[in-house]
2 protein chains.
Amino acid sequence: MHQAGDLPVEEFRRAGRRAVDWIASYLSHPEDYPVLAQVAPNELRAALPKSAPEAGEPIETVLDDFEKIVVPGITHWNHPGFFAYFSITGSAPGILGELLSAALNVNGMLWQTSPAATELEEVAVDWLRQLLGLPAGFEGVIMDTASVSSLCAIAAARHALSDLEIRERGMAGRTDVPLLRLYTSEQAHSSIEKAAIVLGLGKAGVQKIPTDDEFRMDVSELARAIAEDRAAGHRPFCVVPTVGTTSTTSIDPVRAIAEVCESEDLWLHVDAAYAGSAAIIPEYRHVLDGCESATSIVVNPHKWLFTPIDCSVLYTTQPDTLTGAFSLVPEYLRTAVDGQIRNYMDWGVSLGRRFRALKLWMVLRSFGSQGIAERLREHIRLAQLFAHWVDEHPDFERLAPTPLSVVCFRARPAGLAAAGGSGTDDANAALNRFNETLLRRLNATGEVYLSHTDLRGVYTLRLAIGNLRTTEEHVARAWELIQREGRRLERDEGSS
Amino acid sequence: MHQAGDLPVEEFRRAGRRAVDWIASYLSHPEDYPVLAQVAPNELRAALPKSAPEAGEPIETVLDDFEKIVVPGITHWNHPGFFAYFSITGSAPGILGELLSAALNVNGMLWQTSPAATELEEVAVDWLRQLLGLPAGFEGVIMDTASVSSLCAIAAARHALSDLEIRERGMAGRTDVPLLRLYTSEQAHSSIEKAAIVLGLGKAGVQKIPTDDEFRMDVSELARAIAEDRAAGHRPFCVVPTVGTTSTTSIDPVRAIAEVCESEDLWLHVDAAYAGSAAIIPEYRHVLDGCESATSIVVNPHKWLFTPIDCSVLYTTQPDTLTGAFSLVPEYLRTAVDGQIRNYMDWGVSLGRRFRALKLWMVLRSFGSQGIAERLREHIRLAQLFAHWVDEHPDFERLAPTPLSVVCFRARPAGLAAAGGSGTDDANAALNRFNETLLRRLNATGEVYLSHTDLRGVYTLRLAIGNLRTTEEHVARAWELIQREGRRLERDEGSS
């Protein structure tokens, strides 16, 4: 008779080894699977019972079904041909960190509820701070995602408007709260606008500043928008530049923006979720130029720092304002050591806190700063190489600068580009349709997965590099497939 | 030469087996460790280097340090003597689920970015919905914590006030938004007030309704508060009863509250983070009485359903309002299948989404509904037994009803209770000090960890049962220690 649920130790050991072996095998050849799951909607749901079982099932059966039913519906972010969104890697040390965290199952809400969880978080985020070249005044905390880190930073920025007493009095039912205005570029991530919505500032609270030819925030437009808002009686309170935008990885001129924030007394929150990690490469430290003047900055180790999702680090030079915005300590959460230690529950929305620091610490130690820099440097090299191939090919064109590891481009077959006259709206619409179809066909190969964006009306393909398993060979293969599918599509369209 | 970071497969296999073996050994005897970490502030920080290494270190060294430096600073939530806060268990199937999720490392933001992650989430939360006895109209989503689930529910409740257009226009700089009012009991969890603060409603947006002798929301007071607010021109919009409050696990009269919400047209959000799971026991289904009329309800499998932290399920009968509050889809997140499938990024704050459904699904299958019910029933039996011991002892008293698995009590030694006259403020202050010291001494034994709360000025000890390893023997041992330390403390105080 098997014992369901809380397994006898030998059964756990056996199942754990089976899982480790499966992972070892999986991570040795994720390319045996199609990168983008080739399943139709509801396939997995249809394959599973409608209800939970009454009697417990043996763990072996559950693991069998994991392999047979779940894995075929997985889109493989570990696949070396994963070039979509931001390509990531949950490295082996990070996976082991997650395993150990799950086993310890501590809730690090208070220092007392696991001193090691709190202190290892302080250590790991401080190590990372140094690697990023941020000054010692920045204190860090780990959140799940940049969406939440930015939300918390903007909440702190709002709380810094102390005369408005928003924490106590809220913003509704009052006539003495002016329109609060946050500035970010038109290329900023959607999470910034979402944060404003959640915080009750609304879309009306966000002014999207135009960008230059290289998709970077136009600082004179920023200054103008702030002046106009002040003239209209609104209250500017926060500017959110991006270091490494999602569409093109453009880098806003943070130093110039910081000067505006300084003179206007605004909270400067930098979204460096993806590109912040690049500052670990000595010759790329400049990506965080000016960020030493930021009030807060978010960097996601789960993006380009080999840490399994989720792990987002928020740094701020005003931790008291952050905790002032969030701390709420009922009697049942008071401890005898409060005041001597840090209770991370005071630093954000979530009371329950997983022990995320462990995986980050294990990654930093296992790779070392040089090991990290080497790999990031290689990713950038591969992206530059691909960008070069695109530039050299008459039927393709690059659509944005490639400062880091993401290439924006499109197919531009001579015949099609000329249709309706090169450069006209008709020609662009035809190219948009062509590239959208090309992307669908590429992703259907199962060998590569790219995503897209829109750049001023141009349907843009993105090739993002950030996976430790991606080598030059994989990038070359992607380029081969892109050319092949491009030719085939051109032929098919020509013959239709 | 070792390869740092992304380990060669055989090295990962070896390190993975070592981790599994360590966990197997650890989970067989967590009671070998003190339950509450017996460390001073900064011990762990002092034991670690000030900076990350430049060169990568072998994974074996990192695992050595995990065992030597990290584990001694852990408060062991797995210890059978863990009776603090809400006692939890990350069961073996859940740990394996986390390991596999970390290895797959998918971001389930979109259906396409891992169809299995989205569909398994739909399956797992629907299985759980059935086990809880909630009607089919409830659609679920997994969040990290109840803090975030409740924040999202209240944001949806705010969004349901469609005439105010808060998503678009925000609440600042307007004179046409009345004070928005949310009602919850004075015993509600701090996360409800925190959500109101974050959402810009402020503490002023929350009316805490008094509770009855058994710490349950007084519905006539609720109705009166709503009427008064309407008379004052405020806008009631949401009521948040609790099923299983943090201090005493009291259960608000949801059915009667639902009638108020129905007649007043208010969003009814139920915080059943801890106690919702009890509804899986057939004879305890009544804990969710009335919840079939809720607009949303949160239940945390990471609390009392053997799933490793973090896993909180939010159900709502108005998913369109929830997604209306949160959905924001930039071009780079559009896919060809949108409209045919569910993109869970639209259901909350975080864009990045860990594959949390896997562990929940593995737990539900491994235990089965009967296996879950059996264990929860046993936890309740143990709590009732302990409550009985307290009731029978002349020097202790219970301070609240014990509907589920948490007992609120205090020592009340005859000599001390009489000091200054029984029942006076002086006597109570003396008892408060006595129990606070008693708790500190108990927790210093390393054998048990209890936490406390305040009930109307009374310092209250809480014994919470929810750990799969806790047997009657452990509860009896806790009771022995409580009596022993009580006697010692009385003696020490008498002699001082």
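A short reminder: the numbers here are calculations on the coordinates, not readings from a lab. Computed from a prediction, not measured in an experiment: that's the story for all the values here. Glycine gets a Cβ as well: all are built from the backbone with ideal geometry, and neighbour counts include every protein chain shown.
So what is the calculated 222 nm ellipticity per residue for chain A, using -39500 (n - 2.57) for each DSSP H run with n of 4 or more, over all residues, to the nearest 500 deg cm²/dmol?
Calculated mean residue ellipticity at 222 nm is -13500 deg cm²/dmol.
In debye, nearest 20, what is the charge dipole magnitude of segment B:264-410 about its Cα centre with +1 on Lys and Arg Cβ and -1 on Asp and Glu Cβ, if you could check?
720 debye
Full extension from residue A:492 to residue A:456: what is 0.36 nm times the residue separation minus their Cα-Cα distance, to one decimal in nm?
10.2 nm
Just subtract the alpha-carbon distance of residue A:320 and residue A:429 from 0.36 nm times their residue separation and send over the number in nm, one decimal.
34.1 nm
Check which residues have an amide H placed less than 5 Å from residue B:74's amide H, if you skip close sequence neighbours.
A:116
At what distance in nm do the modelled label points of residue A:231 and residue A:14 sit from each other, each positioned 7 Å from its Cα along Cα→Cβ?
Here the answer is 7.8 nm between the modelled labels.
Quick one: dipole size for segment A:365-495, taken about the Cα centre, charges +1 on Lys/Arg Cβ and -1 on Asp/Glu Cβ, in debye to the nearest 20.
420 debye
Suppose you put the label 7 Å out from Cα in the Cβ direction; list, shortest first and in nm with one decimal, how far residue A:292 is from each other copy's label.
Those separations, rounded to one decimal, come out as 6.6 nm.
Relative contact order for segment A:365-495: what percent, with Cα pairs under 8 Å and sequence separation of 6 or more?
23 percent
Can you sort B:305, A:489 so the residue with the fewest Cβ neighbours within 10 Å comes first?
A:489, B:305
Can you name the chain A residue with its Cβ nearest the rotation axis from A to B, and give the distance in Å as a whole number?
Axis relating chain A to chain B; nearest Cβ residue and distance: A:200, 1.
Taking a label point 7 Å from Cα toward Cβ, how far is residue B:10 from its twins in the other copies, in nm, shortest first?
Counterpart label points of residue B:10 in the remaining copies fall at 2.9 nm.
At residue B:338, with labels set 7 Å past Cα in the Cβ direction, how many nm apart are the copies from this one, shortest first?
Spelled out, the distances from residue B:338's label point are 4.5 nm.
Pick out the long, greasy-scoring helices in chain B: whole DSSP H runs spanning 24 Å or more along their own axis by Cα, mean Kyte-Doolittle at least 0.0.
Those that clear 24 Å and a mean of 0.0 are B:115-132, B:357-392.
Projecting each Cα onto the charge dipole of the protein assembly as shown (Lys/Arg +1, Asp/Glu -1 at the beta carbon, about the Cα centre), which of B:268, A:442, B:27 comes out farthest on the positive side?
In the protein assembly as shown, that residue is B:27.
Tell me which chymotrypsin sites (Phe, Trp or Tyr not before Pro) from segment A:279-372 have a DSSP coil assignment and no more than 10 other beta carbons within 10 Å of their own.
Of the chymotrypsin sites (Phe, Trp or Tyr not before Pro), not one in the loops of segment A:279-372 has a Cβ with at most 10 other Cβ atoms within 10 Å.
Taking Cα pairs under 8 Å and at least six residues apart, what relative contact order does chain B come out at, in percent?
So the answer I get is 21 percent.
Can you work out D for the protein assembly as shown in µm² s⁻¹ from Stokes-Einstein, where Rh is the Kirkwood radius over C-alpha pairs, the temperature is 37 °C and the viscosity is 0.692 mPa s?
Roughly 113 µm²/s, to the nearest whole number.
Nothing charged except the Cβ atoms of Lys and Arg (+1) and of Asp and Glu (-1): what's the magnitude of the dipole of chain B about its Cα centre? Round to the nearest 20 debye.
360 debye
Ratio to report: Rg/Rh of segment B:142-296, with Cα atoms as the point set and Rh obtained by the Kirkwood method; give two decimals.
For segment B:142-296, the value is 0.96.
Starting from 0 in steps of 10 Å, tell me what percent of the Cα-Cα pairs of segment B:66-110 lands in each bin.
21, 32, 36, 11, 0
Rg to Rh for chain B: what is it, with Cα atoms only and Rh by Kirkwood?
0.99
Below 12 Å, Cα to Cα, which aspartates and glutamates can residue A:194 reach? Residues fewer than 8 away in the same chain don't count.
Of all the aspartates and glutamates, those that pass the test against residue A:194 - Cα under 12 Å, at least 8 places apart if same chain - are B:168, B:346.
Can you pick out the pairs among A:203/B:203; A:203/B:208; A:303/B:68; A:359/B:50; A:303/B:50; A:50/B:359 whose Cα atoms lie more than 27 Å from each other?
Violating the 27 Å limit, Cα to Cα: A:203/B:208; A:303/B:68.
For segment A:365-495, what is the Kirkwood estimate of the hydrodynamic radius, computed as the reciprocal of the mean inverse distance between distinct Cα atoms, to one decimal in Å?
15.5 Å is the Kirkwood radius here.
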